Structures are given as structure tokens and as C-alpha cells.
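Just so you know, all these numbers are worked out from the coordinates, no wet-lab data involved. Since we're looking at a predicted model, the values are computed, not measured. Here the Cβ positions follow ideal geometry from the backbone for every residue, glycine too, while neighbour counts run over all protein chains shown.
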Amino acid sequence: MEGDPESQIRVHSRRGSNVIHPVEVDTPPVSSPAPTPAPTPIVYQEIKHFKRWFPWLVPSFVIANVVMFAITMYINNCPKNSVSCIAGFLGRFSFQPFKENPLLGPSSSTLEKMGALDVSKVVHRHQGWRLITCIWLHGGVFHLLANMLGLFVIGIRLEKEFGFVRIGLLYLISGFGGSILSALFIQSNISVGASGALFGLLGGMLSELIINWTIYANKVAALLTLVVIIVINLAVGILPHVDNFAHIGGFVSGFLLGFVFLIRPQFGWVSQRVSQRYAPPGYSLTASKPKFKMYQCILWIIALILLFIWFIGGLVLLLRGVDANDQCSWCHYLSCVPTKRWSCNTQPMSCLSEQIGNQLNLTCSSNGKTRTYTLTNATSSQIQGLCSQLCR
């Protein structure tokens with residue numbers, strides 16, 4: 001410490017789970033009229049900047065999503081409700097036909113029954129809980145594995161650094177924000193998945209890097225790496241059958257929440273607190289430093305205001321039944337870009353059905369295809385599944 005030849009505090013700018021190590025140091029002899037025994041000086045080589053948390057909430061989220069998928073497949077009961085199934089040896093846990101659900105999962109009617117995001121039911125039947133329940137459901141095995149792998153890798157790291165309360169709130173609120181934007185733009189199909197919440201964690205990582213800029217050693221490298229990861233993931237969202245609006249809504253929500261939840265005190269304040277704790281008795285410290293830098297406080301206030309505007313405004317527009325596509329004619333390209341290889345048609349699938357004896361005749365309303373199935377007393381679930389295959 002400046003002004004004290006016998007005590008020093010060195011602060012390393014590199015982040016991590018640093019600890020304090022007392023180390024003895026030789027002090028040059030000081031001439032004095034009366035030799036007195038001097039205490040052994042201590043150098044605190046590193047400061048324990050931040051508490052490290054044991055991650056348990058993110059693994060619990062992963063388990064909850066897997067359990068919900070298993071329950072969904074049990075209720076789906078493909079052998080009973082469909083003409084054909086994939087992996088029939090799994091019994092009622094077998095998957096819908098690949099043409100109906102290429103992700104290896106349940107039917108859309110089962111997902112809707114379990115709480116998928118259906119805009120018409122949110123607006124006209126006041127089932128707003130679907131904005132939350134949809135983030136715990138997944139369309140298939142591939143969908144579940146991709147999201148849970150990302151959640152485990154990103155979420156564990158964040159929970160270790162910031163604790164379960166802040167990361168849990170960041171995850172849930174970001175998922176809610178993703179559902180709002182998805183509902184404003186995608187109103188003809190149901191939507192499920194934890195992707196919005198997962199992108200919220202990515203957005204939180206980016207804002208955490210910005211608001212805590214001074215504590216990073218390799219700032220530019222960390223920023224570029226994170227931006228590349230985010231851009232790649234958002235680019236995947238322009239493929240068909242991927243709800244990129246949930247990704248964007250979750251990312252923006254998490255980005256703003258990161259400024260609020262993931263703010264760190266500046267190192268000058270941290271080192272001063274350590275100095276106060278270990279300073280010799282009667283030693284006078286310099287004027288106290290603020291806990292947060294000015295730019296951190298400004299970003300915190302701006303983010304809080306924007307969050308309030310976004311969530312209140314989005315909910316008001318959604319509950320009024322506003323279709324955001326009417327206000328933005330090009331925004332649908334953010335979720336799907338049509339090419340020669342695929343179409344971005346999101347119109348709901350419907351078929352005209354006629355049962356004659358044991359013959360079921362189906363005609364797809366969108367493409368005009370007609371097919372006859374040998375099926376006696378077909379249920380509505382079976383007709384809907386066959387219609388989905390015929391219209392694809």
C-alpha cells in the first residue's frame with residue numbers, strides 16, 4: 001500500500017476463484033534511534049474477489065426438462081393414437097412418424113395439451129400461463145439434447161459465478177420474454193422449447209462482459225468469441241421449423257437483464273475493503289471509492305427502463321391480439337429465409353376427411369394431395385397425424 005513500506009496489497013486483474021495467501025517478506029533495515037522489533041509484513045498476493053457457488057439449479061432445470069419430455073411422450077402414446085410409430089419397441093414412449101415430427105418426438109396435439117404456446121388460446125381463452133409452460137416442453141429428442149447441452153455448458157459456468165438466484169431469474173424471465181416476441185410474430189403454429197431462455201443466458205454473458213469490462217484481462221478476445229457464438233446460433237434460426245423470434249426475444253431480454261443482475265463491484269472498491277480488513281491498527285486509509293463505476297450505474301438504469309418498456313408493451317400488444325407482422329412486412333425473414341431447398345410456409349395444416357367403412361379418405365387443404373388409408377373408426381388424433389404427414 002502506498003505510503004506504508006511494511007504492508008502491500010497486490011490485486012491481479014485476472015478473474016477466477018482467487019484466494020488470499022499470507023507470505024513473509026524481507027524488509028530492508030530502517031535506521032532508528034531505538035531499535036524495536038517490527039512485525040513481520042504480509043503481502044496479500046491475490047484477493048478472493050467473488051464467491052464461488054455450487055451449481056445445483058441448472059442441473060435441476062436439465063432434469064426437469066428431461067422429466068417433462070418423458071411425461072409428454074407417455075401421454076402421447078403413439079401406438080394408440082397413430083397409425084405408425086418410430087421405435088415401436090418403446091411402447092407408448094415411441095415417436096411419431098418421421099414425416100409428422102422429424103425431431104423424434106410427440107404429436108403437436110399432445111404438445112398443445114401439455115401447455116405449448118398457442119397464441120389464440122393465450123389471447124382469447126386467457127391462458128397466459130402458456131408463455132411459461134412452453135419453455136419446459138420440447139418437440140423431440142434432437143431438440144431436447146441440443147438445448148440441454150447448451151444449458152448445461154453455459155448455465156453451470158454462470159451459476160458458479162453469480163449464484164442460483166440471479167441465474168434462475170435470468171433464465172425464467174428471458175424465456176418469458178422469448179415467448180412474448182414469438183407470440184407477437186408466429187400466430188399460426190404452436191411453439192415449444194427452452195431456446196429463448198438459453199439465448200437469454202447468452203445475452204446475459206454479453207452484457208456481463210460489457211458492464212464488468214475493467215475486470216477482464218483479454219477483453220477483445222472474450223468479446224469476439226462470444227459475439228461469434230451468438231451470431232452462429234442466431235443464423236441457425238433462419239432455418240424452417242425453428243422459432244428464431246423466441247431466440248431473439250430471449251436474447252434481448254437476457255442482454256438487458258445482465259446489466260441488472262450480473263453487475264460486479266469495481267476492483268478499487270474490492271481491494272479497499274480488503275485493505276480495511278487487514279490494515280494495521282490506527283492506520284489511516286485514503287478516501288473511500290464508490291462500489292460501482294459511473295458507466296455501470298448508467299447502464300443499470302437504462303437497462304431497467306428498457307426492460308420495463310419491453311415487457312409491459314409486449315404484453316399489452318399481445319393481449320390486444322396485435323399481429324406484429326402487419327407492422328413489419330419483412331420481419332418474418334428473421335425467423336425463416338425461403339430457398340429452393342425449403343419453404344417457409346407456416347399456415348396450419350388441415351385436411352378434408354371422409355370415412356367410408358374401413359376406408360379413410362384425406363385431402364390436404366394446402367397442397368391438394370389426396371390419399372386413402374385403411375382405418376376403421378379413426379380418432380381425431382389419428383386423422384391429425386395423417387394430415388400432418390400428407391401436407392408436408
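Convert each backbone phi in the stretch 128-143 into a coupling constant with the Karplus relation 6.51 cos²θ - 1.76 cosθ + 1.60 (shift: θ = phi - 60°), then list the ³J(HN,Hα) values in order as whole Hz, x for Gly and Pro.
x, 4, 5, 5, 9, 5, 5, 7, 9, 10, 9, x, x, 4, 4, 4
Could you order the peptides 148-155, 95-102, 176-183, 254-261 from most to least packed, using the average number of other C-beta atoms within 10 Å per residue?
With the highest mean Cβ count within 10 Å placed first, the list reads 176-183, 254-261, 95-102, 148-155.
Quick query: amide H of Cys351 versus all other amide H atoms, modeled in the peptide plane; which residues come in under 5 Å with a sequence gap of 5 or more or a different chain?
Those qualifying (amide H under 5 Å, at least 5 residues apart or on another chain) are Ser365.
Net charge around Leu257, counting only other residues with Cβ within less than 12 Å of its Cβ (Lys, Arg = +1; Asp, Glu = -1)?
Net of charged neighbours comes to 0.
With Cβ to Cβ distances under 15 Å as the rule, what net charge do the other residues near Ser380 carry (K, R +1; D, E -1)?
With Lys, Arg at +1 and Asp, Glu at -1, the neighbours total -1.
By the scheme Lys and Arg +1, Asp and Glu -1, what is the net charge of all other residues having a beta-carbon under 15 Å from that of Gly168?
Taking every Cβ under 15 Å from that of Gly168, the sum is +1.
Find the centroid of the Cα atoms in the stretch 220-239 and in the stretch 205-219, then give the distance between the two in whole Å.
Here the answer is 16 Å between Cα centres.
Using θ = phi - 60° and the Karplus curve 6.51 cos²θ - 1.76 cosθ + 1.60, what whole-Hz ³J(HN,Hα) does each residue of the stretch 227-235 get, with Gly and Pro shown as x?
5, 4, 4, 5, 4, 4, 5, 5, 5
For the stretch 135-179 and the stretch 98-123, what is the separation of their Cα centres, given in Å?
20
In whole Hz, with x marking every Gly and Pro, tabulate ³J(HN,Hα) for the stretch 352-364 from phi via Karplus 6.51 cos²θ - 1.76 cosθ + 1.60, θ = phi - 60°.
For the stretch 352-364, the Karplus-derived couplings read 8, 10, 9, 9, 10, x, 9, 10, 10, 9, 10, 10, 6 Hz, x marking Gly and Pro.
Quick one: the Cα spread of the stretch 351-391 along its three principal axes, in angstroms, biggest first?
26, 17, 12
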